[in-house]
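Trainee: Okay, handing you the structure first.
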Amino acid sequence: MKSLYVLVLAAGQGSRMKSELPKVLHPGVGREVVQKELAARGWAKLHYVIQDKPKGSGHAVIMAKSWLKPKRGSLLVVYGDTPLLTSQTLQRLVDHHAVSGNAATFLAMDVPDPSGYGRMILDAQGYLERIVEDKDAAPHERTITLVNSGVACWDIQMLLEVLPRLKPNNAKREYYLTDAAALLRNIGGRVGVVRARNPDETHGINTRVDLARAEAIFRQRILEHWMREGVTILDPATTYIDVEVELQPDSRLWPGTILRGATRIGTHCEIGPYTILESAVVKDGARVGPFARGDAQVGKGVNVGAGTITCNYDGYSKSQTIIEDGVFVGSNANLVAPVRLGHGAIIAAGSTITEDVKPNALVVARTRQIAKEGWAKDFHSKHAIKRSHS
Ligand code: UD1
Ligand code: CA
C-alpha cells in the first residue's frame, strides 16, 4: 500500500461571498466550514502551509512543494469550500487511483447546471484530456455537464514535475491546479475520472446562495440520520439539529425545535414545539416545551412547561440550570442560572427562580394575586362619565 497524503486548499478571500470574513471561515451548521471538513474526516496531525498571497489553486499546491518533495505515493487534494463530500466517496476515488496506474484521478460529477465549475474534456477512451474553467470556456464547451469537483488524487512525484509549468494565462490571472491535468498528459501520464454518485456531495460554496444550499443539504443529512436511528421528527422543514447533538430512539421532536451544540436527548422525550436547546442534557422521558429555551441539564421524567426559559447569561458569563429527576416546572417560569431544582420539586407557573430548590418542595416565586372587589366597576363608570363630557 502506497502512502496517502491529503492537502486541503482553504486560502483565498472568496470574493464571490462579498464578505470581510474569508470564505472557509463562514459558520456552518454549528461549525465553520473548514473545521467541519476536517472533523468529518477525523484528520488529526495537521501541518499548515501558508499561502501569503493567494494566486489560485495551483499556486496553493506550489506553496506546499517543500512539504511534498520528500514524499512518495499519492496526494489527495480537496477544496475547503466543498465540505459535503463523504468519506465513502473519497475512499472510492483513492482506491480507484491506487489500482489504475493513473498519474492523476479526478472526481467529477454530472450536474444539470454546470455554470461556475470547470468542464471535463475527455478523450475517446474516457480519460481526461484537459479541464477548461468556466470563465475560459468556449460556448460549445460551456454546454458540457460533466464538471470537476475539485477533488483529485495525484502521484506526488509526477505532480511536482508539472507544477513549475503552470502559467496564469487565463481569465482570472490565476495559477489553476486544473491545468496540471493537461500538463501530465503532455509528459505521458494518464489522467482518469471517477464519477460522484450523488452530486449533492460535490456541491462547492462560492456565494452565499451556495452556502445556504450546502446548509440545507447538510441539515437534511443530519435529520435523516436521526430519523433512521429511531427519532420522530414531526416537521423536518422547521427542525434544526447541530452535527454534535446526540439523541436516543423513541423521542419526538415537534415543529420548530432547534438543538444546538453538544445537546444530548434521552429516550421517550418530547421536545418542542418551538423550543431552542443549547448544549442541554435531557434525560429519558422528559418533556420540554413548547416555547422553551435554555442549556439546562434536565433529569428523567421532568416536565418543563410552555414558555420556560433558563436565564443562563448575565451579560458576561454563562451558567447552567440543573433540573433533577421528576421535577415539574409550570408554564412560563424563569430559571435564573446557576440554579438547581431538587428531584421531585414543583415550580409554580410564572415563577422566577433565583435560588436552589430543595427536593420535593413546592415553590411559588411570584407576587401574590391581589383582588379588589368592585374596583373595576367604579373604574369603568368613571371613564363613562368622562366620555359623556367630551
Ligand atoms: C475550482 C476548480 C474547478 C472546479 C471547482 C469545484 C480550479 C482552477 N478550478 O473552481 O475546476 O469545478 O473548484 O468546486 O481549481 N484556494 C486556495 N488558494 C488560492 C485559491 C483558492 O487555497 O489561491 C482554495 C479555495 O479556498 C477553495 C479552492 O481552493 O477552497 C478552490 O478555489 P475557488 O476559487 O473556489 O475555485 P473555483 O472557481 O470554485
Ligand atoms: Ca469553489
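The values are calculated or read from the model by the stated rules, or taken from the named source; none is laboratory data. Quick caveat: nothing in here was measured; it's all calculated off a predicted structure. With ideal geometry, Cβ positions are generated from the backbone for all residues, glycine too; neighbour counts draw on all protein chains shown.
Trainee: Condition first: of a type outside the set (Asp, Glu), at positive phi and surrounded by 17 or more Cβ atoms within 10 Å (Cβ to Cβ). Can you find one or more residues in region 137-155 that meet it?
Mentor: yes
Trainee: Within region 75-106, can you find the residues that are within 16 Å of ligand 2 (Cβ to nearest atom) and over 21 Å from Leu160 (Cβ atoms)?
Mentor: Gly80, Asp81, Thr82, Pro83, Leu84, Leu85 - these are the residues of region 75-106 that are within 16 Å of ligand 2 (Cβ to nearest atom) and over 21 Å from Leu160 (Cβ atoms).
Trainee: Something else about it: Tell me which residues, restricted to region 107-119, are part of a strand (DSSP E or B), more than 24 Å from the chain's Cα centre (by Cα) and within 16 Å of ligand 2 (Cβ to nearest atom).
Mentor: Selection gives Arg119 alone.
Trainee: When both residues are 6+ apart or on different chains and their Cβ atoms are under 9 Å apart, which pairs have a first residue that lies in region 65-88 and is free of Cβ contacts under 8 Å to residues at least 40 places away in the same chain, and a second that is within 16 Å of ligand 2 (Cβ to nearest atom) and in a strand (DSSP E or B)?
Mentor: Once the first residue is free of Cβ contacts under 8 Å to residues at least 40 places away in the same chain and sits in region 65-88, its partners that are within 16 Å of ligand 2 (Cβ to nearest atom) and in a strand (DSSP E or B) give Trp67/Leu7.
Trainee: May I pose another question? Which numbered condition in (1) under 19 Å from the mean Cα position of the chain (by Cα); (2) at pLDDT below 90; (3) surrounded by fewer than 21 Cβ atoms within 10 Å (Cβ to Cβ) is the only one that Lys45 fails?
Mentor: (1)
Trainee: Checking Asn206 against (1) within 16 Å of ligand 1 (Cβ to nearest atom); (2) within 17 Å of the chain's Cα centre (by Cα); (3) surrounded by 16 or more Cβ atoms within 10 Å (Cβ to Cβ), only one condition comes out false. Which one?
Mentor: That leaves (3) as the condition not met.
Trainee: Taking Gly285 as the residue in question, decide whether it is assigned to a loop (DSSP other than H, G, I, E, B), surrounded by fewer than 20 Cβ atoms within 10 Å (Cβ to Cβ) and out of contact with any His (no Cβ under 7 Å at 6 or more places or on another chain).
Mentor: no
Trainee: Quick one: would you say Ala124 is without any contact (Cβ under 8 Å) to a residue 12 or more places away in the chain, within 16 Å of ligand 1 (Cβ to nearest atom) and more than 34 Å from the chain's Cα centre (by Cα)?
Mentor: no
Trainee: Suppose we filter region 174-187 for residues that are over 32 Å from the mean Cα position of the chain (by Cα) and either within 16 Å of ligand 2 (Cβ to nearest atom) or farther than 20 Å from His96 by Cβ (or both); how many remain?
Mentor: The qualifying residues number 4.
Trainee: Within region 65-92, restricting attention to residues that are assigned to a loop (DSSP other than H, G, I, E, B) and over 28 Å from the mean Cα position of the chain (by Cα), which residue is farthest from ligand 1 (Cβ to nearest atom)?
Mentor: So, considering only residues that are assigned to a loop (DSSP other than H, G, I, E, B) and over 28 Å from the mean Cα position of the chain (by Cα), the one farthest from ligand 1 (Cβ to nearest atom) is Arg72.
Trainee: Among the residues of region 163-175, are any part of a helix (DSSP H, G or I) and farther than 21 Å from Ser74 by Cβ?
Mentor: Checked against the condition, which is being part of a helix (DSSP H, G or I) and farther than 21 Å from Ser74 by Cβ, region 163-175 yields no hits at all.
Trainee: Scan region 94-106 and tell me whether some residue there is of a type in the set (Val, Ile, Thr), outside any strand (DSSP E or B) and farther than 29 Å from Leu211 by Cα.
Mentor: Yes, region 94-106 contains at least one residue that is of a type in the set (Val, Ile, Thr), outside any strand (DSSP E or B) and farther than 29 Å from Leu211 by Cα.
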